[in-house]
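Asks: A single structure is presented below for examination.
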Ligand SMILES: Nc1ncnc2c1ncn2[C@@H]1O[C@H](COP(=O)(O)OP(=O)(O)OP(=O)(O)O)[C@@H](O)[C@H]1O
Ligand SMILES: [Mg+2]
């Protein structure tokens, strides 16, 4: 219990486990990794942290917000963010790297999709899907008492960004965006609707267990391009930006610019580190569906993949 | 009892309201109407008094007449709007904060209507408090405090908290506390008004007993004329912030300056106010045991009425100055209500 | 007067009706007139306050400096100062003293054993008052251990131990300053108004910038949140000291400092302790929000449970917060009481005089030494903890599976017949009309000053580009307050009239009020899922208490003579209530509703966590984007709404009291 709390606790508790290592010459200050509010990120970060600990570094976990953490990364209050999704974090990451105080430490090997998603049974009620144009005609199929006559789209927590309000306006969809407050609430909505075959369209992301557990598809919006987001004249709607789908792409690691100098060895490990979508989806499923403790999931991965990560360390 | 003046005030004003200060400097002697029209409250208006050393000077008047305000001007707890306050010849109103603190620490004491005891301190600590703030040596302070606690008859209750005492006992603590620094000048703002009549009497006696030993200069506020008469050397009567008359109790009864004063004095038994000297027949002819001229009529009435012939009256030096007989006493006792 | 009133009533009702009609048809009207600006403030009119504020913040963080010391240096120095005692407390209670630095941190000394800490609070309880208190706090701490909340609770306790003294002490000093300088009070008063009405989320971002990521920022935020009541209570308490006591102090020849610290403060100590109690309660209230920016402990557990929708874990951590609050509060009250008294020291050596301290220190040392061999002495064995989590989870699951349709029906009913009509109306009211009406209302209730305040504040909201979100806020808050009033006032009246019902209702209200607000969110979200209805339920639960309390108090304090007069004139029970009790209690009830509005607004921001689309959400987004300007502007807009509501209702309540001759 005590051990769990130390690791989970956001009060920046140092986990006091370690092994001897070649890197002991580097700074003994703790490397601060940020924790956010979805299981995949927690797992990803804890694995990274465990590997760094195995390599002899001090590690601290700090609860920080997905976007707000950049302020801390710039000042060096925080050192490493393990999941900056191309889909939602790219702008913030670009802005931060442009300041010269944050660096992109490479991708995690995972590719992110975040998009509107619907269960397969909705295809019967709205035959044009997955093409987005279909949503225009059958928005009422997605309506609930609260949003009627508009359709209801359950967005992610507001903190995830995503520009869904803008998208709805730019593509002239008769939908209202209702934000789930948390990751769990989002998938609770899906679970509840799916069981009773209620209409729903919501934010789903991958890597995640949901797309494999439930039968369904992502909506196909006009393809993303940077211009579509930045330039109103580009895209379907000549007057508004965000008239396309969300970008897809890698999940990046972002680090404080001082990290490579202070902990050069650690930085190498960080760059080496990568996981696949499948691995991650499986682990998230274990945690969220089977209720396995996140630390246990991490520990299992560590013991099963010892060769892999020791390879990263010894490089 | 003519001594040098201990405390005096000259033309003291205390006005409440916006721009009271400017108002007074533009019009140094405003009338009641002027003040009212300017929307200002005249709590004390043009008060001038001289209080002699060792005197018990009583200020009385109805509620809201400005008694407390005047006394607080005299001790400069309130900054008067205008005028002068001289204490031992020093102008209090120009004294610096430091000087004022020194004067209050050593020369003034005050007793309050609702006792103003510090709830978190015991009796002894309350009494010691004025010495504590002077940083007096602890043992010495404690000894002195025990002395005065003893003096006011609270021995054995040193470790009680104020809330564990009756009203009368609390006021005894207040009195002890105001005496612990051995002040020359003693202010008492309605010290007994919050007490039951019986306790009040007891406390008045106690007060007289103390004064007989201590001989302080006393400024005492009350709205109870009977109390004033019992205790006072001189009485100042206030109405609407103004001092209407300053006189001995006897003069007040015999020569009220205004109808207001007369109304005030009407209901008090005159025998308790008038002295033998005031109603005697001057001359030296009477025989028998002399009665002192300063005695109140009520105190000696019984023996005079019981006597067959008028009794001689003597002054403080034992000289016979007049005589007094049954008729004079009876007129005082039964003629109450008539103007003298 | 009568004629005046009767002439005015139709006008007033006419205006209300006009407003409702305008609101209902506002959108269509705007469309028909092709004047969209009527319902939507044109964005070209927006004044970009948020960019100004963000720019000012950036300047403050990057350039502001006095000589060689930059602003950031100063704030970081403060952070460092706060961090030292915090680290100490944290090490002692939760983390243990580690041998830093080094890649292999060695535990020099583990955290104090749960046995030693529990013994220490028991000893403290006995020292401060009695065995009764000792038993109570001992039971509280034992609860924390047995229910497996110990480690988190100790982290929380460490921050409470730091935040409360700073908050209470700082509040006291600020209050004294304001008491001494009349100008000080005039400066502080609006600042306090804002501090108490701006949602905490809004100032978390600037605090993060200034004090860095981590527990210190959380502590600073907690202190800012918890201090205002202490300042207010200090000013009030000092002013309420009997003027005679003040006079006495001055006549005793005290210096200014002596007068303050030896006369005024001790005399006011009872009221001051109420302030300290407030600080403790607010600190513990804040722990959850603080955990969003890096304070760990119980708050983080509740937050994590909310994120996982794990109601069992949330409830247990929430109750642990309550238990901790009870223990800390009772101990501090007793401690202050004891400090207020003098005690005769018994002779003897130090050890003989401080038996309890010696005992606790021995226990601490023994558990430390023996703990090396038996971890049981250091950590409460995990296998022995009890959890009720499964029970709560199962209950909610059961309800969800079996009563889903019933819940859904209730939800749809409320949405269709209550929430949505209000929303449509409010969002449809043309904003110029709304501003005009508010100004008029202000003028009627409190003269031109209030009119100017209402007009200016609502206009500012309009030009800051937040009108629509502000209206959603008013709608959610308004709907919740209406519901809370409809439920709360009758409950309060019942509690006042029926003793047994009163006890039950009081218990309910106490529980609702002490449970951290986040805890309600979990079951409500699980049963009703995200949306306005869910938010409304959570807000009603949280904001119900003052409506009940004030109504009960108002009805209870109607003078018995009036009741007798009513009885003598032959009123039935019902008439007595309707004609005497309720009208006389009206001012009190209004104040209760005022408090309900304030609580509703503060809860609104928290419901943003489960997805609402109002100013609360705006603040929350700003927090997560670290956008100082955006957060503060939205926070100020909420504060403005709160202030307008507060002033209008207070003016109304005063009007009512004057009408009943309770005030002149
Ligand atoms: N701070 C103040 N501001 C305005 N008016 C004041 C103030 N203090 C006193 N007054 C007014 O001055 C007048 C005199 O008050 P004061 O307290 O001196 O009366 P008092 O004779 O002591 O009455 P009581 O017997 O009730 O103590 C009263 O009319 C009172 O209303
Ligand atoms: Mg008075």
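Asks: Let me have the relative contact order for chain A, percent, based on Cα pairs under 8 Å that are six or more residues apart.
Replies: 24 percent
Asks: If packing is taken as the mean number of other Cβ atoms within 10 Å per residue, what is the order of B:298-311, C:225-238, C:280-293, C:379-392, highest first?
Replies: Top of the packing list down: C:280-293, C:225-238, B:298-311, C:379-392.
Asks: Across the range A:123-163, how large is the tail of the calculated P(r) beyond 11 Å, expressed as a percent of all Cα pairs?
Replies: Above the 11 Å cut-off, the range A:123-163 has 67 percent of its Cα pairs.
Asks: Considering just Cα atoms, how many Å³ per residue does the convex hull of the range B:38-86 enclose?
Replies: It comes to 93 Å³ per residue, whole-number rounded.
Asks: Okay, moving on. How many angstrom separate the Cα center of the range C:260-332 from the Cα center of the range A:34-52?
Replies: Value for the Cα centre distance between the two parts: 30 Å.
Asks: Also: Round to the nearest 10 and give me the degree value, 0 to 90, for the angle of helix C:517-528's Cα axis relative to the longest principal axis of chain C.
Replies: Between the helix axis and the principal axis of chain C, the angle is about 60 degrees.
Asks: Can I ask one more? Would you mind giving the three semi-axes, in whole Å and largest first, of the ellipsoid equivalent to the range B:79-171 according to its Cα gyration tensor?
Replies: Taking √(5λ) for each eigenvalue gives 30, 16, 11 Å, largest first.
Asks: Label chain B by shape, choosing from rounded, prolate and oblate, from the square roots a ≥ b ≥ c of the eigenvalues of the Cα gyration tensor; if a/c is under 1.5 it is rounded, and otherwise prolate applies when a/b is larger than b/c, oblate when it is not.
Replies: Oblate.
Asks: Would you mind checking the radius of gyration and Dmax of the range A:141-293 based on alpha-carbon positions, in Å?
Replies: Values for the range A:141-293 (Cα only, Rg and Dmax): 18.8, 58 Å.
Asks: For a bin width of 10 Å, list the pair-distance distribution of the range A:251-315 built from all Cα-Cα distances, rounded to whole %.
Replies: Calculated P(r), rounded to whole percents: 18, 40, 33, 9, 0.
Asks: Then there's this: With everything on Cα atoms, drop me the angle between helix B:138-151 and the longest principal axis of chain B, reported from 0 to 90° to the nearest 10.
Replies: Relative to chain B, helix B:138-151 is tipped by roughly 30 degrees.
Asks: Relative contact order (percent) for chain B, with alpha-carbon contacts under 8 angstrom and 6 or more residues of separation?
Replies: Normalised by residue count, the contact order of chain B is 17 percent.
Asks: I'm checking a number: the convex hull volume of the Cα atoms of the range B:271-339, normalised per residue, in Å³. What is it?
Replies: Cα-based convex hull of the range B:271-339, divided per residue, equals 75 Å³.
Asks: Computed over the Cα atoms of the range C:502-562, what is the convex hull's projected area averaged over all directions, in nm²?
Replies: 5.0 nm²
Asks: On to the next question. Quick check: Cα centre of the range B:19-89 to Cα centre of the range B:154-210, how many Å?
Replies: Computed from Cα coordinates, the inter-centre distance equals 27 Å.
Asks: Over the residues of the range A:140-207, compute the C-alpha Rg and express it relative to 2.2 N^0.38 Å.
Replies: Normalised by 2.2 N^0.38 Å, the Cα Rg of the range A:140-207 equals 1.07.
Asks: Please report the spacing between the Cα centers of the range A:109-144 and the range C:570-634 in Å, no decimals.
Replies: Result: 38 Å between the Cα centres.
Asks: Which whole number gives the average count of other chain Cβ atoms within 10 Å of the Cβ atoms across peptide C:299-310?
Replies: Taking the mean over all residues of the peptide, I get 5.
Asks: Further, regarding this structure: Kirkwood hydrodynamic radius, the range C:467-659, all distinct C-alpha pairs: what's the number in Å?
Replies: 17.8 Å
Asks: Residue A:303 to residue C:385: FRET efficiency via 1/(1 + (r/R0)^6), r the Cβ-Cβ distance, R0 25 Å, to the nearest 0.05?
Replies: For R0 = 25 Å, the calculated efficiency reads 0.40.
Asks: Sticking with this one: Equivalent ellipsoid semi-axes for the protein assembly as shown, as square roots of 5 times the alpha carbon gyration tensor eigenvalues: give them largest first, rounded to whole Å.
Replies: Each semi-axis is the square root of five times an eigenvalue, giving 74, 39, 28 Å.
Asks: How far apart, in nm, are two points set 7 Å out from the Cα along the Cα-to-Cβ line at residue A:234 and at residue B:150?
Replies: 10.0 nm
Asks: Separate question: If you take the square roots of the eigenvalues of the alpha-carbon gyration tensor of the range B:193-330 and sort them as a ≥ b ≥ c, do you get rounded (a/c under 1.5), prolate (a/b over b/c) or oblate?
Replies: Prolate, since a/c reaches 1.5 and a/b exceeds b/c.
Asks: Same structure again: Tell me the Kirkwood hydrodynamic radius of the range C:190-239 in angstroms, computed as one over the mean inverse distance between distinct C-alpha pairs.
Replies: After inverting the mean inverse Cα-Cα distance, the result is 11.7 Å.
Asks: Taking all pairs of distinct Cα atoms, average 1/r, flip it, and tell me the Kirkwood hydrodynamic radius of chain A in Å to one decimal place.
Replies: After inverting the mean inverse Cα-Cα distance, the result is 20.7 Å.
Asks: Hey, another quick one. At a threshold of 8 angstrom on Cα-Cα distance, excluding pairs fewer than six apart, so keeping six or more, what relative contact order does chain C reach in percent?
Replies: Contact order relative to length: 19 percent.
Asks: Please give the average number of partner chain Cβ atoms lying within 10 Å of the Cβ of each residue in C:527-533, rounded to a whole number.
Replies: 5
Asks: Now a separate question. Return one number: the angle in degrees, 0 to 90 and rounded to the nearest 10, between the long axis of the Cα atoms of helix B:167-179 and the longest principal axis of the Cα atoms of chain B.
Replies: 70 degrees
Asks: Follow-up question, since we're still on this one. Which percent, to the nearest 5, of DSSP beta bridges fully inside the protein assembly as shown are antiparallel?
Replies: Bridges in the protein assembly as shown that DSSP calls antiparallel: roughly 60 percent.
Asks: OK, next. Percent antiparallel among DSSP beta bridges with both residues in the range A:112-230, to the nearest 5?
Replies: If we restrict to bridges inside the range A:112-230, about 55 percent are antiparallel.
Asks: Let me ask something else. In angstroms, what radius of gyration and Dmax does the range A:112-230 have, counting Cα atoms only?
Replies: Final numbers for Rg and Dmax: 13.3, 40 Å.
Asks: Among DSSP bridges having both ends in chain A, what percentage is antiparallel? Round to the nearest 5.
Replies: Around 60 percent of the beta bridges assigned by DSSP in chain A are antiparallel ones.
Asks: Here's something else I'd like to know. Before rounding to the nearest 500, sum -39500 (n - 2.57) across all DSSP H runs of length at least 4 in the protein assembly as shown and divide by the residue total; then give [θ] at 222 nm in deg cm²/dmol.
Replies: -18500 deg cm²/dmol
Asks: Could you give the semi-axes, largest first, of the ellipsoid that matches the range C:457-524, computed as the square roots of 5 times the alpha carbon gyration tensor eigenvalues and rounded to whole Å?
Replies: 34, 16, 9
Asks: In whole Å, what are the extents of chain C along the principal axes defined by its C-alpha atoms, from largest to smallest?
Replies: Computed over chain C, the largest-to-smallest principal extents equal 83, 67, 61 Å.
Asks: Oh, and also: Given labels modelled 7 Å from the Cα in the Cβ direction, how far is it in nm from residue B:224 to residue B:102?
Replies: 3.9 nm
Asks: With each pseudo-label sitting 7 Å past Cα toward Cβ, what's the residue C:358-residue C:410 distance in nm, one decimal?
Replies: 6.1 nm
Asks: In addition: Treating only the Cα positions of the range C:381-528 as identical point scatterers, give the base-10 log of I(q)/I(0) from the Debye formula at each q in 0.09 Å⁻¹.
Replies: Log-scaled intensity ratios, in q order: -0.52.
Asks: Convert 4 °C to kelvin, take the viscosity as 1.567 mPa s, use the Kirkwood radius over C-alpha pairs of the range C:367-446 as Rh, and evaluate the Stokes-Einstein diffusion coefficient in µm²/s, rounded to a whole number.
Replies: D, rounded to a whole number, is 68 µm²/s.
Asks: Counting only other chains, what is the mean number of Cβ atoms within 10 angstrom of the Cβ of each residue in peptide C:256-266?
Replies: 2
Bear in mind these aren't lab numbers, they're just calculated from the coordinates by the rules spelled out. These numbers were taken from a predicted model, which means no experiment stands behind them. Because the Cβ atoms are built from the backbone with ideal geometry, glycine has one as well, and the counts that use them run over all protein chains shown.
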